[in-house]
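K.L.:
Here's a structure for you.
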Amino acid sequence: MLMTDQERGVPRQTPTLVVVGGASGIGRAVLTRFAADGWHVVAADLHAENGAALVAELSGDGASVDFVETDASDESAVAAAVGRAVRASGRLDCMVNCAGVGGAFGPLVEIDVRDWDRTFAVLCRGVFLGVKHAARVMLGQDGGGSIVNIASIAGLGGGAGPQAYSAAKAAVVNLGFTAAAELGPHRIRVNTVCPGFIPTPMTRPADGDARQALHDVQPWPEFGTVQDVAAVVRFLGSEESRFITGETIVVDGGVRATGTRLPPVLRGGDPAARGLTGFSNGSTGQKSVVHEIPADSPARVGSAAIDPGGTAAGTQERKPEQ
Ligand SMILES: NC(=O)c1ccc[n+]([C@@H]2O[C@H](COP(=O)([O-])OP(=O)(O)OC[C@H]3O[C@@H](n4cnc5c(N)ncnc54)[C@H](O)[C@@H]3O)[C@@H](O)[C@H]2O)c1
C-alpha cells in the first residue's frame, strides 16, 4: 500500500516538483533526477500502476515521492494534484507539464473532430491547466518558481509528427512565450523544452530500420535518452537558470539545426558522400574547385552530412594537397 505524504513526513519547505505525465518516459526521468537531489517529487498521471511502481522504486532509494492519479485535461484533477503536493511540503518550486499521447492521426480529411479535440485537450489544455494551477501557488510564495512545458520539435515545423500533435505542440511553444511575459514580474519563469526523437514507451524502442532512418536526419550518432531531456529540465528548475524565461530549448541531437533536407541530386550529387570537397564558384563564370578528401581524414566518417553545394557542374579537379 502506498504511503501518504503525511506518513512519509516531508519536511516543510523541502523543494517540491510536480510532473504531470510523470509515470513514464521523460517525466519519470525528470522525477528521478530531482529526487536524487533531495526534492520532494510528485507524479501526476493517468497510469496508476506505473505511478505505484515509480513510488516503490524511488522511495526504495530513500526519495520523498508521491503519486496522484490525474487526467491532465481535467482542471479539478490538476488542481488537486498541485494542492496535494503543496499540502505536503508547503511549496511548489517546479512544475513540469509532460503528459503526452500520439493523438489523432491519418489524413486530415479523415480525422474525427473528437480525436482532434482530445489531442488538444491532453497536449494543450493540459499544459494550460498545469501552468494556471502552478502559477496560482507560485504567485503567493517567496521566490516564485519555475514551470517547464514539454513540447516537441514537431511543434516547430512540419514533418516531425501527426498534424494534431504538431499543432498542439506549436500552441504549447507559443503559450510559453505569453506565460513567461505575464508571470515574469512575479519571478515565475516559464520555459519550453522541445525534444527530438527519444526512445520511450510512447515512441517504442527503435529497431534497426528506425536507427538507420534516424541517422539520415540526426547529426548526433546515437539516440537521445530520457536522461538527456531530464538534465535540461533539471537546469531549468534550478537557480542556475534564474535569468532564463520564455525560452524554447531544443534537445534533438541537431535534427532541427540541419534545416531543409534536399535530396542528393539537388545538392550537387552530394560531393561529400563521393569523397570530394572544394569550393563552389556558383555562376561567377569561374570554375569551382574540387579535391578529394584524404582517405585517412576523419571527415570521411559521416561525410554525408556535409553539403558543399553546387559542385556538380563546371568544376576542375584538384589533387589533395600534400
Ligand atoms: N519521446 C519522444 O521522442 C518525444 C519527443 C518530443 C516530445 N515528447 C513529449 O514528451 C512528453 C513525454 O513523452 P514520453 O515520450 O516520455 O512518453 P511516455 O508515453 O513514456 O509518457 C507519457 C506519460 O503521459 C501520461 N499521460 C498521457 N495522457 C495523460 C493524461 N491525459 N493525463 C495524465 N497523464 C497522461 C502517460 O500515462 C505516460 O505516463 C510528451 O508530452 C511527448 O509529447 C516526446
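K.L.:
Which count do you get for residues in the range 202-257 that are within 16 Å of the ligand (Cβ to nearest atom), over 17 Å from the mean Cα position of the chain (by Cα) and among the aromatic types (Phe, Trp, Tyr)?
P.N.:
Counting residues in the range 202-257 that are within 16 Å of the ligand (Cβ to nearest atom), over 17 Å from the mean Cα position of the chain (by Cα) and among the aromatic types (Phe, Trp, Tyr) gives 0.
K.L.:
Kindly check whether there is at least one residue in the range 204-222 that is assigned by TED's automatic domain parsing to the domain that holds Pro15 and within 30 Å of His40 (Cβ to Cβ).
P.N.:
Taking every residue of the range 204-222 in turn, none turns out to be assigned by TED's automatic domain parsing to the domain that holds Pro15 and within 30 Å of His40 (Cβ to Cβ).
K.L.:
Kindly provide the set of residues from the range 173-193 that are within 14 Å of the ligand (Cβ to nearest atom) and either among the polar types (S, T, N, Q) or without any contact (Cβ under 8 Å) to a residue 60 or more places away in the chain (or both), ordered by number. Break it down into steps so the answer makes sense when it comes.
P.N.:
Narrowing the range 173-193 to residues within 14 Å of the ligand (Cβ to nearest atom): 173, 175-176, 192-193.
Scanning the range 173-193 gives Leu175, Thr192, Val193.
K.L.:
Considering every residue within the range 136-150, establish whether at least one is in contact with a helix residue (DSSP H, G or I) (Cβ under 8 Å, 6 or more places away or on another chain) and near the ligand (Cβ under 10 Å from one of its atoms).
P.N.:
Within the range 136-150, one or more residues are in contact with a helix residue (DSSP H, G or I) (Cβ under 8 Å, 6 or more places away or on another chain) and near the ligand (Cβ under 10 Å from one of its atoms).
K.L.:
Another question about this same structure. Mind listing just one residue for me: the one in the range 101-130 that is of a type in the set (A, V, I, L, M) and over 17 Å from the mean Cα position of the chain (by Cα) and, of those, nearest to Ser73 (Cα to Cα)? Explain how you work it out, then say what you get.
P.N.:
First pass over the range 101-130, keeping only residues of a type in the set (A, V, I, L, M): 101, 104, 108-109, 111, 113, 121-123, 127, 129.
With the extra rule that they be over 17 Å from the mean Cα position of the chain (by Cα), the set shrinks to 104, 108-109, 111, 113, 121, 129.
Values: Ala104: 16, Leu108: 23, Val109: 25, Ile111: 20, Val113: 17, Ala121: 5, Leu129: 7 Å.
Top of the filtered list is Ala121.
K.L.:
Just the residues that are surrounded by fewer than 21 Cβ atoms within 10 Å (Cβ to Cβ) and on the phi < 0 side of the Ramachandran plot, please, taken from the range 11-31.
P.N.:
Those that are surrounded by fewer than 21 Cβ atoms within 10 Å (Cβ to Cβ) and on the phi < 0 side of the Ramachandran plot: Pro11, Arg12, Thr14, Pro15.
K.L.:
Give me a count of the residues in the range 138-159 that are part of a loop (DSSP other than H, G, I, E, B), small (Gly, Ala, Ser) and without any contact (Cβ under 8 Å) to a residue 60 or more places away in the chain.
P.N.:
Initial filter on the range 138-159 (part of a loop (DSSP other than H, G, I, E, B)): 139-144, 151-152, 156-159.
Then drop every residue that is not small (Gly, Ala, Ser), which leaves 140, 143-144, 151-152, 157-159.
In the following step, the residues that additionally are without any contact (Cβ under 8 Å) to a residue 60 or more places away in the chain were identified as 140, 143-144, 152, 158-159.
Matching residues across the range 138-159 total 6.
K.L.:
Name the one entry in Leu54, Leu92, Leu46 that is within 13 Å of the ligand (Cβ to nearest atom), touching a residue at least 40 places away in the same chain (Cβ under 8 Å) and within 30 Å of Ala168 (Cα to Cα).
P.N.:
On the way: Leu54 fails: touching a residue at least 40 places away in the same chain (Cβ under 8 Å); Leu92 fails: within 13 Å of the ligand (Cβ to nearest atom).
Residue meeting the stated conditions: Leu46.
K.L.:
Condition first: surrounded by fewer than 20 Cβ atoms within 10 Å (Cβ to Cβ), small (Gly, Ala, Ser) and in contact with a Gly (Cβ under 8 Å, 6 or more places away or on another chain). Now tell me which residues in the range 181-210 satisfy that.
P.N.:
Ala181, Gly184 - these are the residues of the range 181-210 that are surrounded by fewer than 20 Cβ atoms within 10 Å (Cβ to Cβ), small (Gly, Ala, Ser) and in contact with a Gly (Cβ under 8 Å, 6 or more places away or on another chain).
K.L.:
Any chance the range 4-16 includes a residue that's within 24 Å of the chain's Cα centre (by Cα), within 16 Å of the ligand (Cβ to nearest atom) and outside any loop (DSSP other than H, G, I, E, B)?
P.N.:
No - not one qualifying residue is present in the range 4-16.
K.L.:
Going through Leu108, Leu156, Leu123 one at a time, which residue ends up being out of contact with any strand residue (DSSP E or B) (no Cβ under 8 Å at 6 or more places or on another chain), within 16 Å of the ligand (Cβ to nearest atom) and farther than 21 Å from Phe235 by Cα?
P.N.:
Leu123
K.L.:
Would you say Ala299 is closer than 30 Å to Asp228 by Cα and at pLDDT below 85?
P.N.:
Details: closer than 30 Å to Asp228 by Cα: yes; at pLDDT below 85: yes.
The answer is yes for Ala299.
K.L.:
Restricting attention to the range 160-169, and to residues there that are part of a loop (DSSP other than H, G, I, E, B) and surrounded by fewer than 20 Cβ atoms within 10 Å (Cβ to Cβ), which single residue is modelled with the highest pLDDT? Please lay out each step first, then the result.
P.N.:
Within the range 160-169, the first condition is being part of a loop (DSSP other than H, G, I, E, B), and the residues that meet it are 160-162.
Within this subset, residues satisfying the condition of being surrounded by fewer than 20 Cβ atoms within 10 Å (Cβ to Cβ) are 161-162.
On the way: Gly161: 87, Pro162: 91.
The extreme case among them is Pro162.
K.L.:
Next question. For residues that are part of a helix (DSSP H, G or I) and at pLDDT below 95, scanning just the range 211-247, find the one that is surrounded by the most Cβ atoms within 10 Å (Cβ to Cβ).
P.N.:
Kept after step one, since they are part of a helix (DSSP H, G or I), are these residues of the range 211-247: 211-217, 226-236, 239-241.
Going one step further and asking which of them are at pLDDT below 95, we end up with 211-217.
Values: Arg211: 11, Gln212: 10, Ala213: 12, Leu214: 20, His215: 16, Asp216: 9, Val217: 17.
Top of the filtered list is Leu214.
K.L.:
Going by the structure shown, is Ala79 among the aliphatic types (A, V, I, L, M), closer than 17 Å to Ala134 by Cα and more than 13 Å from the ligand (Cβ to nearest atom)?
P.N.:
The answer is yes for Ala79.
K.L.:
Criterion first (away from the ligand (no atom under 15 Å from the Cβ), at pLDDT 95 or above, among the aromatic types (Phe, Trp, Tyr) and in contact with a strand residue (DSSP E or B) (Cβ under 6 Å, 6 or more places away or on another chain)) does Phe34 satisfy it? Give the steps one after another, and end with the answer.
P.N.:
Numbers: away from the ligand (no atom under 15 Å from the Cβ): yes; at pLDDT 95 or above: yes; among the aromatic types (Phe, Trp, Tyr): yes; in contact with a strand residue (DSSP E or B) (Cβ under 6 Å, 6 or more places away or on another chain): yes.
When the stated conditions are applied, Phe34 passes them.
K.L.:
Which pairs have Cβ atoms under 8 Å, sit 6 or more apart or on different chains, and link a residue in the range 13-40 that is of a type in the set (Asp, Glu) to one that is modelled with pLDDT of 95 or more?
P.N.:
Asp37/Arg234
K.L.:
Condition first: of a type in the set (Gly, Ala, Ser) and in contact with a Cys (Cβ under 8 Å, 6 or more places away or on another chain). Now tell me which residues in the range 130-153 satisfy that.
P.N.:
Gly145, Ser146, Ala151, Ser152
The values are calculated or read from the model by the stated rules, or taken from the named source; none is laboratory data. Because the structure is predicted, anything quoted here is derived from the model rather than measured. Please note: Cβ atoms are built from the backbone with ideal geometry, for glycine as well, and neighbour counts cover all protein chains shown.
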